[in-house]
Every structure is written in structure tokens, then in C-alpha cells.
Amino acid sequence: MDKIPSFTINHLLLKRGIYVSRKDKVGGEVVTTFDIRMKEPNREPALGQGAIHTIEHLAATYLRNNAKWKDRIVYWGPMGCLTGNYLLMRGDLEAKDIEELMQETFRFVANYEGEVPGAAPKDCGNYLLHDLPMAKWESRKFLEEVLLHMKDENRIYPE
């Protein structure tokens, strides 16, 4: 079998940031898949399962309610390696196009107070696996250390 493109990225050099993972034609539209990389693979501990699950619930809720972008959001969800999330959006987009949106999203998660949306037995397949304090901590760290100081090395996959 052929190696899929996401397995050809040099994860030993990959920084935290926002990357265009792929662009696909679906019908007459382009769907852009973003790699929202919160941890440096194989060099930092991965996100805790409870933290990334809570980030998933809060970020997806925020994005699907964002007045400007909600009609372009296709999917938000965690990577299996627990080092970040995938965001699929309608449109032929680049990392710079969504930097402000990601800043707003992670600021929302970092400052969130209250019950996690959808974290009830009837709404979630693993409602006990949530960690709001760590989700807030990881989101603030990503926001302050990366999203507010984006450089090309945080937008362009390494060779």
C-alpha cells in the first residue's frame, strides 16, 4: 500500500502551529483540512485524553456557533496521536486565513467556565472522560506560546 501523505511529514522537525494538511475537491467545492498541532510530536508529552476530549467539545461548539465561520465548519476533532486536532473547512484556505479564528477559539477554551457542552451520558459516548482544568491550561499555553506569535515555521510543514 502507498503511504498516505500525512505519514510523510517529518514529525521529528514538526513545530506547533497551524498547517494545511490537504485540500480535497468535494463536488464543486474545496475542503481544506488543517492540522492544528498543539504539541511537538515525539518531543513533548501528548495531550491528556480528558483534556483533548474537552477541547474537542468546547472548540467544536465555539466554531459551529461562530457567526462569521460556522457555515464553513465541516469537522473538528482530535488526532489519534493526541498532539493536536484536525479542522476541516469549506473553501480553499491557508493557515493565515484562520489564525485569528484559532486565537479566538483557544481563548474561548482557555477562559471557559461552567459545564462542558455535551458532557452528559445522553450526549456523549464517554462523558466521564473530561478534564476542563487541563483543557484550559493546554489551550492557554498553545494560545500564548504559539498562536499569538505565528511564524512561517508554524505554518509550513518541514522538509
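Evaluated against (1) modelled with pLDDT of 95 or more; (2) touching a strand residue (DSSP E or B) at 6+ places or on another chain (Cβ under 9 Å), Gly50 falls short on exactly one condition, (2).
For the stretch 102-118, does any single residue satisfy the condition of being in contact (Cβ under 8 Å) with a residue 12 or more places away in the chain, under 24 Å from Val31 (Cβ atoms), out of contact with any Leu (no Cβ under 8 Å at 6 or more places or on another chain) and assigned to a helix (DSSP H, G or I)? Yes: one or more hits.
Per-residue answers, yes or no, for (1) within 12 Å of the chain's Cα centre (by Cα); (2) surrounded by 13 or more Cβ atoms within 10 Å (Cβ to Cβ); (3) modelled with pLDDT under 95:
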site	(1), (2), (3)
Tyr75	yes, yes, no
Asn85	yes, yes, no
Arg90	no, yes, no
Gln103	yes, yes, no
Ala110	no, yes, no
Glu113	no, no, no
Lys136	no, yes, no
Ser139	yes, yes, no
Leu147	yes, yes, no
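With a requirement of 1 or more residues that are over 18 Å from Met150 (Cα atoms) and charged (D, E, K, R), the strands (runs of 3 or more DSSP E) lying completely within the stretch 1-99 that satisfy it span 17-26, 29-37, 84-90. Could you check Asp131 against (1) acidic (Asp, Glu); (2) surrounded by fewer than 17 Cβ atoms within 10 Å (Cβ to Cβ); (3) modelled with pLDDT of 95 or more and say which number it fails? Result: Asp131 fails condition (2) only. For the structure I just gave you, tell me whether Glu159 is closer than 28 Å to Val20 by Cα and either surrounded by fewer than 17 Cβ atoms within 10 Å (Cβ to Cβ) or aliphatic (A, V, I, L, M) (or both). Yes; evaluated as a whole, the condition is true for this residue.
Against the list (1) free of Cβ contacts under 8 Å to residues at least 24 places away in the same chain; (2) over 23 Å from Glu159 (Cα atoms); (3) in contact with a strand residue (DSSP E or B) (Cβ under 6 Å, 6 or more places away or on another chain), the condition Gly27 fails is (3).
Filtered by the rule that a residue be farther than 15 Å from Lys96 by Cα and of a type in the set (Ser, Thr, Tyr), the stretch 140-159 gives no residues.
The values are calculated or read from the model by the stated rules, or taken from the named source; none is laboratory data. The structure presented is a predicted model; accordingly, all values stated were derived computationally and were not measured. Cβ atoms come from the backbone with ideal geometry, glycine included; neighbour counts cover every protein chain shown.
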